[in-house]
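Structure, as structure tokens:
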Amino acid sequence: MITEADTDFPKRGIIKAGRWLTICLLGVFCCVLLPMSRQASAREVGATTPPYHDKLARVYDTVSATPFVYTPNEVDNYGQVAMALSGDERIYALWRVLYAYKTNQNEAKLMAWHDRIMQLAQSENDSNLDLLARFMLQTYQNETNGYDTLTEREWATYMASSDVALQNITTLERIRQLQYSFQWAEAIDLGENLIVRLHAQGKAAEGLLSVAQQSLAYNMMNVGDYKAYADHMLASAQLSQTNAFFLQKMDMLYDLAYFAAQNNDIDLAQKLQKLYAGYVAKYSISDLRAWDRELCAVVSDKSGNYAAVIQCLEGSAVIQGVVNGPHDAYTLRLITNAYARLYDVNRTRFYLSKLQTVPEAIYPRDRLFEKYIGAYLKAAGGQYELAFRDLGDYALDVHRDDQNKGIAAVQDMYKALRKELDSQTAESRLLVKQVQMGNLLLGAAGLIAFLLLVIVAGGGLWVWRMRRMQWHLRDAHEHAEAANAAKSRFLAVMSHELRTPLNGVLGMAQALKKEELNDVQREQVEILVDSGQTLLVLLNDVLDMSRIEAGKIELAPTPSTMKDMIERVINTYSSLLDGKDIMLRYEIAENACGAMMFDVLRVYQCLSNLVSNALKFTEKGTVRILTSAEHHKDGGFKVRVEVRDTGIGMSKATLDKLFEAYSQADAGTTRKYGGTGLGLNISRRLAELMGGSLSVTSEEGSGSTFVMTFEAGEVVASTKTAETEPSVLTHDENEDLPGMKILLVDDHPVNRKVARLFLEPFGFVITEAVDGREALDLDMSRFDLILMDLNMPRMGGLEATRIFRTQEAEGKHVPIVALTADAMHDQIEACMAAGMDAHISKPIIMDNLVDTVARLLRLQDDTGATKSEVA
């Protein structure tokens, strides 16, 4: 067994030899290494150029090509213009105003604009503007309180906004939150997705896109991907030329210079710093003078010109030892290092003592830096051995610190390296401890360098592989988006092309149905109407399915009662009871009788599908509708509707595939009962969108029970229940309406013929036009109502409506109803945005057309320029 005494002599021999080696090296250190250290960094910089230098040089060319122009009240003037805009364009523009004051920490201006936007939102009843103002104020308070004010639940609520512009703005602020907590991987993922979305938003979103590119650049820098940093900074610089305020451009200039200096691209850093200083001097901007001094000192420090560091900071309060914040503390650190490298012992000690007394809450103490400065002080005092040892320890600590930071960055981005990097880190830490004990100093240092090289090489390889995967994924995402867009265009075109001839078929059939026909003829016409309506239901089912899959279904809650809803369903399907021995009954629990807020159209669609199926598969017996509701403690209701039938029931195999799209029980069911197999699938998805579910229990031969639940809101006291829709116009009612003049604008003669056949029997005077240009030439203001097709040669309906609304006399409002075969949701929104009052999809249902025309004419007659959003 080897004892401690046995190892004593070898240890003493090694220590003695080490001392002789130290004495020999001290001369080299004192005479050569220490004096040359001031110029070492500058020479090292000149030896190699960073691989991303050319890209950053292009950034410099971009920001220096067009001089920055400083205009007092620049942000306020822009805000005045932004207030007059509309839609997402106004959202993005007002965000730029709030963001500028938020990032500059100008709380007074931020609050003033917050109040102005809130007043505008209230006057226009614009919930998106209201949300923007409240969110930006809350993010400012979140940042000033250490990013711990906003909860994860609040973030989720804001990011779920239905407005695309607000979603993008919220995503940018979420990225800033993740940066603060060093969650680089998630921040980068959100940033790349945000940039893809903003490119699709067009010019209105370029201001936000510029900031998003800059934010993504910083995240890439923090994980060591400097090439990506340069790419995104170049994109941000190009956008900022026309989409950033003066102070935002100056912030970018500062950051570029600082990054170039920290990465030893000294020539570029000096050019950027001079450009920054030139603007500060040119416009005499006092708020930027402290930043100008600090940037000058940083660049001079990295270039090894320590005398220039002192000159840069002349006139600064920090020279007197005054520290008011983190940036002052950092400047004090630069001063301390400069005097140490100039061997000014007294001033070095003075500023080092000041730096050590700065509270930890303002600027945490850096023990490595203090050891580094202490080594220079010892060398200046003749303590060369201690100085050499301290510098050696400092170098090892710096290597260890850099190693840990590199490992942490790679681990955060690429989880696949975690186990390997942890192992290498443990080995390197063990070797550092052995070096600190005084054994095998040079060998351990070489081994650490080798391990660092392995880690960097391995990490670089994985970074390269991950970037390639990211590029492939991005290409796949773009192809998927293009395919989805093509699908939407195809559905829109097919919807239009199918509805136009279907309008002629159903229109003429409905007109024939009003004529005097014999029994055989009436039966034939009714078959024609039923077949056309069946085809329309199939078309609507396919379109609904595509909207659900694309996530474009939006709920529109309105006040109503379940009693009205169920009676409406029963009235609709009572005709199916003819010839069947079936009783259709309903029961409503007392807790479900009151008014509630829910999407009437979607609930009706779901219940119609369930009742229609129950009647279809029940030959005799009873179909019962049972309704109840549970009131939540925090408001709202959980509504439950059961549809029970005594029909044929279903087997387990049928139940397993019942809710699949385009699926029915079997081929025989399809032939006997018809349908696309989409109704139940759509109903389940709609129920889930409304916060509920749709389930079924059934036994073959014993009937089925479908259970649908959904969430409903409480009706505010001031909210009036929906008025009962007026009945179809008759010859004996509304004697003031016949004789009113209607302009019918449509390029298709069959469509004009159908509308004329529907309206002329009620005494309306119809004038026809084949396109928007002819309609404008006829002076649209002399008509009482206008029926306007959208897609027409020469001039479409949307353009004609916009032109007419701008020329319309003040106080006079002529109702315009869109007639279009395009039933997609975005087309309906476009009609309302252009100034139309109602939208009717083709094929035109006679009752719907007559009701809509009568309603708008009554409103026009009673209130003048009243606009009604008639569905």
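What follows draws every value from the coordinates through simple rules; no lab data is involved. These figures come from a predicted structure and were not determined experimentally. Note: ideal-geometry Cβ built from the backbone for every residue, glycine included; neighbour counts use all protein chains shown.
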Fill in: C-alpha center-to-center spacing [the range 571-616, the range 192-218] in angstrom
49
Worksheet item: To the nearest 0.05, how large is the calculated FRET efficiency for Glu481 and Thr357 if R₀ is 56 Å and r is the Cβ-Cβ distance?
Response: 0.45
Discussion item. Taking loop as defined by DSSP and a crowding limit of 14 other beta carbons within 10 Å, which GluC sites (Glu not before Pro) in the range 773-848 fit?
Written reply: Glu810
Worksheet item: Peptides 384-396, 466-478: what's the order by average Cβ count within 10 Å, highest mean first?
Response: 384-396, 466-478
Fill in: Global geometry of the range 54-185, whether rounded, prolate or oblate, following the gyration tensor of its Cα atoms and the 1.5 cut on a/c
oblate
Worksheet item: How far is the Cα center of the range 631-654 from the Cα center of the range 266-287, in Å?
Response: 71
Practice prompt. Give Lys102/Lys249; Lys227/Lys282; Lys513/Lys563; Lys203/Lys227 a once-over and call out the pairs whose C-alpha atoms are over 23 Å from each other.
Written response: Lys227/Lys282; Lys513/Lys563; Lys203/Lys227
Practice prompt. Give the peptides 321-334, 838-851 in descending order of average Cβ contacts within 10 Å, highest first.
Written response: 838-851, 321-334
Practice prompt. Could you tell me, in Å, what Rg and Dmax come out for the Cα atoms of the range 252-364?
Written response: 13.8, 39
Worksheet item: Picking from Leu172, Leu150, Leu209, whose Cα lies most toward the positive end of the charge dipole for the range 112-219 (charges on Cβ: Lys, Arg +1; Asp, Glu -1)?
Response: Leu209
Practice prompt. Work out how much length Thr767 to Gln105 would gain on full extension: take 0.36 nm times their residue separation and subtract the Cα-Cα distance, in nm to one decimal.
Written response: 232.1 nm
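Please sort 516-529, 783-796 by packing, taking for each peptide the average over its residues of neighbouring beta carbons within 10 angstrom, highest first.
Sorting 516-529, 783-796 by mean packing, highest first, produces 783-796, 516-529.
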Item to complete: For the range 74-123, just the Cα atoms, rotate onto the principal axes and tell me the three extents in Å, largest first.
Response: 27, 19, 16
Worksheet item: How much length is gained on full extension from Ala653 to Glu154, taking 0.36 nm per residue of separation minus their Cα-Cα distance?
Response: 175.2 nm
